[in-house]
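Undergrad: First, the structure itself, so that you have it in front of you.
The values are calculated or read from the model by the stated rules, or taken from the named source; none is laboratory data. Bear in mind that the values here come from a model prediction, so they are computed numbers and not experimental data. Reconstructed Cβ throughout: ideal geometry from the backbone, glycine too, with neighbour counts over all protein chains shown.
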Amino acid sequence: MTKLKLTALLACMLSSVAYADTDVKLYGKVDLAMQYMKAPGKSAVVSMENQTSRWGLMIKEQLNADWAVKAYLEAGFSADTGAESTAGVAFARRSILAIYNDKIGEIGFGRMGTVQSISSPYGIGLPNIDPFRTAYGPAYEIEGSIAGDGRVNNAIAWLSNKMSGLRIGVSYSLGTDSDDRTVPQNNRAISLAVNYEVGPLLIDFGGSQFRWGKLPASSFSKTMSKADAAKLGNRKNSEEYFAGFRLNATDSTTLYFAAQYMKNWRTFYYWMPKNEAVKGDSTTAGNQNGVDGWGLNLGFRQKLSGNLTWVGAAGYTDASLKTAQGIKENGERLRFATALEYSLTKRTSVYATAAYGRNYGQLIKYSGGKNLYTGMVGMAHWF
């Protein structure tokens, strides 16, 4: 009997020790490509391009059978130069402390992408309906046609576990501890993403609102009147709403579709007109209005063989922007992108890509020209 008690006590002690163990995983990606780019009236440019190379740590400590503490630290770097992607910020991509429960899901705190962002461990929005899976930049990925959230500081996010195919994510940023709110990804933001998966179909929808607050008077040119500065400084909230789906049509074919409506959106790729009213600013941060409009994106992933995958996407955007001077500018963008991806191993792949974008209206002068051509040949290694 004594032996049985001792055995039971030892088992309990060993169980406690096992739960106290901390699992630390180092991961990352090194991705480089040779890129060709041609814009109207300009010479073709061939350059070496870093493709979101990064490294990070995923940390997990199991507290007991139901609860765990997690941490995510991730930094970007330029593989072609070795420099950090964001100077002076050690973990600019994500810096999160989280608690997990097998019933309620995970709650994270820190710097992260919103729940519908392509750059978050809690992102269940746009990443699910992007055929390029955030690879190769805005000329290819879904954010070339549809506005994305980006990263936010001082954020809280909740991501549920999957419940009969349903998953819900909510995130809220408390803003920065600085009075300077000219950086879009550092302002208050609330986001919601919901997806429902049944058989081969995943349905995805959600939205975000960025609450900008007022720009301090010191942000504006000394030649601007106080009345104009107050008007431009009182920036309108940005909103976007999206819906889409991913369909595994066959064992080798996956189809994607996404649609979005945006209002006063300030971080839309290729449409960030200069506003000299704000010192040193080259975005719409000093304009009380952002971009209004809608966008569509559709695409596919087709496995051609065991190691070779063909990816394609087409996108369209119709939008307008009212400038700080009260002038309404209209623009449209049509884009096509394709890629061949070949897996050498589970961790290493090579790829070749091509993309074409055609811009109309006022969007031409902000996006580099009417017709844009680009292509890349590169290699990516995950570790």
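The rows are residues; the columns are (1) touching a Leu at 6+ places or on another chain (Cβ under 7 Å); (2) surrounded by fewer than 17 Cβ atoms within 10 Å (Cβ to Cβ).
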{"residue": "A92", "(1), (2)": "no, no"}
{"residue": "I96", "(1), (2)": "no, no"}
{"residue": "I99", "(1), (2)": "no, yes"}
{"residue": "D102", "(1), (2)": "no, yes"}
{"residue": "G113", "(1), (2)": "no, no"}
{"residue": "S119", "(1), (2)": "no, no"}
{"residue": "I142", "(1), (2)": "yes, no"}
{"residue": "S145", "(1), (2)": "yes, no"}
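Per-residue answers, yes or no, for (1) at pLDDT 75 or above; (2) at positive phi; (3) in a strand (DSSP E or B):
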residue: E276; (1), (2), (3): no, no, no
residue: S282; (1), (2), (3): no, no, no
residue: D292; (1), (2), (3): yes, no, yes
residue: S305; (1), (2), (3): yes, no, no
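Undergrad: Return yes or no: is G326 surrounded by fewer than 15 Cβ atoms within 10 Å (Cβ to Cβ), more than 19 Å from G148 (Cβ to Cβ) and either modelled with pLDDT under 90 or of a type in the set (D, E, K, R) (or both)?
TA: yes
Undergrad: Something else about it: Does V69 satisfy the criteria of being exposed (fewer than 15 other Cβ atoms within 10 Å of the Cβ) and modelled with pLDDT of 95 or more?
TA: Yes: the conditions hold for V69.
Undergrad: Any residue that is in contact with a strand residue (DSSP E or B) (Cβ under 6 Å, 6 or more places away or on another chain), in contact (Cβ under 8 Å) with a residue 40 or more places away in the chain and of a type in the set (A, V, I, L, M, F, W, C) - is there at least one of those in the range 346-354?
TA: No, the conditions are met nowhere in the range 346-354.
Undergrad: Within the range 27-146, which strands (runs of 3 or more DSSP E) (wholly inside it) include 1 or more residues that are farther than 30 Å from R358 by Cα and within 21 Å of the chain's Cα centre (by Cα)?
TA: 54-62, 67-76, 94-101, 105-113
Undergrad: Could you give me the residue pairs with C-beta distances under 8 Å whose first residue belongs to the range 83-95 and is over 14 Å from G150 (Cβ atoms) and without any contact (Cβ under 8 Å) to a residue 40 or more places away in the chain, whose second residue is among the polar types (S, T, N, Q) and surrounded by fewer than 17 Cβ atoms within 10 Å (Cβ to Cβ) wherever it lies, and which are 6+ apart or on separate chains?
TA: Correct list of pairs: E84/S78.
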